[in-house]
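K.L.:
Take a look at the following structure, please.
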Amino acid sequence: MTLTDILPSLRTSIPPRLEPGIWPVTAHPASGRDVVIGAVRLTEIVRKYRTPTYVLDEEDVRSRCRAYRHAFYEGEVAYAGKAFLNRAMAHWVDDEALSLDVCSAGELAVAASVDFPADRIILHGNVKTPKDLDVAMGYGVGRIVLDSLTEIPRIAAWTGIRQRVLIRVTPNVDIGGLAAVTTGVNDQKFGLPLADGIALEAARRVIVQPGLELTGLHCHLGSQVAESHVYEVAVTRLMDLVAEIRQRYGVSLGELNIGGGHAIPYQAGDEAMDIVSLADRLRWLVRDRSRALRIPAPRITVEPGRAIVGRSMVAAYRINTIKRTPGGRTFVALDGGMSDNIRPALYGAHYLVRMVGRPTTAPDEIVTVVGRHCEAGDVLARDVPLPADLRPGDILAMPAAGAYQLSMASNYNGALRPAVVAVHGGMARVVTRRETEEDLLARDIAL
Ligand SMILES: *Cc1c(COP(=O)(O)O)cnc(C)c1O
């Protein structure tokens, strides 16, 4: 029993605390059960910009970029744009001296629109269309990560330039997570396996191409990894291959890009990757192994996406209806859903939900928070505690909404994709405007 259980009236005066490590760095609770982010009240943002709106804390993004640069001071940090990319984001990432991963001409267009330096851009993807390659090589991207043998002669033959490339290796390291986000094992579509000498053969084919310069190896193990051990295993395996390539072909590779996948917490008790300890361990391992293998120590590149942007956003919705079923379940339905957050439906992801903007003394009740879409699977949070006096019109906030939500958003059911409102030092501004019906009609050609 807590003090607020004994004295319910305290609940109105003491705003419930925010779960540590899950909300943006500048977020704190305020009177009226409000949440302040970037020194702006969430209720004020919702009143002005309506719902659903994604509130983006600039300081959160910048501080995570700095923490990575600090931890990996000898290496390189590339933000994986697929987690979330708009011009504001690309600008901040550039400003904080990170590199940028893109995987299409579309993502590259966003980067190019803010003049992101080409030499700090890395092109990824298991499918790079002729257009992707034209745009990327026209822009002069620093590195292209090769994902198949088919790509080698194709990229080598592209125009007159000598393109720097990495080979994406499949080190067969299992992160023990969901199959949908496990990308370092042999039985999935990405990369060239170490097994059967396939990655070594890829290196040979790249080295003999005058149009290509092999600068290093790449791997990406998967997502939501909290354990540094799997990266150590991958680095050990990649370094053995670096030594073998040097011995056979006399080529020294200067870079090991070990991808992203660093875990962030979504709920209390979830584990996060400790990036300082990861960086330290990898530094020691690379020193140790390069001495043992008698090769120059390669530089480490990491590619965090979620760990940079995941905690920077809070999704704000309004409750539209509340329904109690005979089975005893209460469904709280919002004005967004799987069109702006597919992760619960796609991966069974779990989220925290908080009622914001109205004091209450009601005890919590277990409810299921659902969206507005025509699918029974359109559930945002199953069996979560919310105040029992919840009513239509109340605001619900979901933290850790920055990664793989808006970048996977759709227009399902004609939903309009939400606005992104950036906050910083008491100022709020729209950095991606809400979609309109005109946007939907703009690419639909009338008969
Ligand atoms: C998705 C991806 C990342 C980023 O993954 P996070 O889990 O967001 O850190 C990095 N590198 C590559 C090649 C990826 O495909």
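The values are calculated or read from the model by the stated rules, or taken from the named source; none is laboratory data. If you're wondering where the values come from, they're calculated on a predicted model, not measured in any experiment. In this analysis, Cβ positions are derived from the backbone assuming ideal geometry, glycine residues included, and neighbour counts consider all displayed protein chains.
K.L.:
Could you go through segment 147-170 and let me know if any residue there is free of Cβ contacts under 8 Å to residues at least 12 places away in the same chain, of a type outside the set (Asp, Glu) and within 16 Å of the ligand (Cβ to nearest atom).
P.N.:
no
K.L.:
Okay, moving on. So, in segment 69-97, of the ones that are surrounded by 21 or more Cβ atoms within 10 Å (Cβ to Cβ) and over 20 Å from Ala401 (Cα atoms), which residue ends up nearest to the ligand (Cβ to nearest atom)?
P.N.:
Ala78
K.L.:
Filter segment 222-281 down to the residues that are among the small types (Gly, Ala, Ser), closer than 17 Å to Ala400 by Cα and away from the ligand (no atom under 16 Å from the Cβ) and list them by number.
P.N.:
Those that are among the small types (Gly, Ala, Ser), closer than 17 Å to Ala400 by Cα and away from the ligand (no atom under 16 Å from the Cβ): Ala268, Gly269.
K.L.:
Check every one of the helices (runs of 4 or more DSSP H) wholly within segment 102-172 and list those with 1 or more residues that are over 21 Å from Trp92 (Cα atoms).
P.N.:
130-139, 151-156
K.L.:
Report every pair of residues separated by at least 6 positions or lying on different chains whose Cβ atoms are under 7 Å apart, first residue within segment 355-380 and within 16 Å of Ile395 (Cβ to Cβ), second in a loop (DSSP other than H, G, I, E, B) and among the polar types (S, T, N, Q).
P.N.:
Leu380/Asn341
K.L.:
Another one. Based on this model, can you work out whether Ala315 counts as away from the ligand (no atom under 16 Å from the Cβ), closer than 26 Å to Ile395 by Cβ and in a strand (DSSP E or B)?
P.N.:
Yes.
K.L.:
Another question, if that's okay. Yes or no: Gly254 within 28 Å of Gly81 (Cα to Cα) and loosely packed, with under 15 Cβ neighbours inside 10 Å?
P.N.:
It is true that Gly254 is within 28 Å of Gly81 (Cα to Cα) and loosely packed, with under 15 Cβ neighbours inside 10 Å.
K.L.:
Out of all the residues in segment 43-61, which are in a loop (DSSP other than H, G, I, E, B) and at negative phi?
P.N.:
Thr51, Pro52
K.L.:
Quick check on my filter: what residues within segment 67-101 are part of a strand (DSSP E or B), in contact with a helix residue (DSSP H, G or I) (Cβ under 6 Å, 6 or more places away or on another chain) and either on the phi > 0 side of the Ramachandran plot or among the aliphatic types (A, V, I, L, M) (or both)?
P.N.:
Val77, Leu100
K.L.:
Within segment 112-132, can you find the residues that are out of contact with any Leu (no Cβ under 8 Å at 6 or more places or on another chain) and more than 16 Å from the ligand (Cβ to nearest atom)?
P.N.:
Ala112, Ser113, Val114, Asp115, Pro117, Ala118, Asp119, Thr129, Pro130, Lys131
K.L.:
Shifting gears a bit: Among the residues that make up segment 55-65, is at least one of them under 21 Å from the mean Cα position of the chain (by Cα), of a type in the set (S, T, N, Q), more than 16 Å from the ligand (Cβ to nearest atom) and surrounded by fewer than 20 Cβ atoms within 10 Å (Cβ to Cβ)?
P.N.:
There is at least one residue in segment 55-65 that is under 21 Å from the mean Cα position of the chain (by Cα), of a type in the set (S, T, N, Q), more than 16 Å from the ligand (Cβ to nearest atom) and surrounded by fewer than 20 Cβ atoms within 10 Å (Cβ to Cβ).
K.L.:
Another question, if that's okay. Might you let me know whether segment 211-226 holds any residue that is in contact with a Cys (Cβ under 8 Å, 6 or more places away or on another chain) and modelled with pLDDT of 95 or more?
P.N.:
no
K.L.:
On to the next question. Would you mind finding the one in Ala400, Ala376, Ala409, Ala415 that is modelled with pLDDT under 95 and within 27 Å of the chain's Cα centre (by Cα)?
P.N.:
Result: Ala376 is the single residue among Ala400, Ala376, Ala409, Ala415 that is modelled with pLDDT under 95 and within 27 Å of the chain's Cα centre (by Cα).
K.L.:
Among the residues of segment 181-190, are any of a type outside the set (Phe, Trp, Tyr), assigned to a strand (DSSP E or B) and away from the ligand (no atom under 16 Å from the Cβ)?
P.N.:
no
K.L.:
Now for a separate question. Quick check: is even one residue across segment 30-51 touching a Phe, Trp or Tyr at 6+ places or on another chain (Cβ under 6 Å) and either away from the ligand (no atom under 16 Å from the Cβ) or in contact (Cβ under 8 Å) with a residue 12 or more places away in the chain (or both)?
P.N.:
Yes: segment 30-51 contains one or more residues that are touching a Phe, Trp or Tyr at 6+ places or on another chain (Cβ under 6 Å) and either away from the ligand (no atom under 16 Å from the Cβ) or in contact (Cβ under 8 Å) with a residue 12 or more places away in the chain (or both).
K.L.:
Still on this structure, I have one more. Determine whether Pro344 is free of Cβ contacts under 8 Å to residues at least 24 places away in the same chain, closer than 20 Å to Ala316 by Cβ, not basic (Lys, Arg) and not in a loop (DSSP other than H, G, I, E, B).
P.N.:
So Pro344 fails the test.
K.L.:
Looking at segment 336-359, which of its residues are surrounded by fewer than 18 Cβ atoms within 10 Å (Cβ to Cβ) and more than 17 Å from Tyr404 (Cα to Cα)?
P.N.:
Arg358, Pro359
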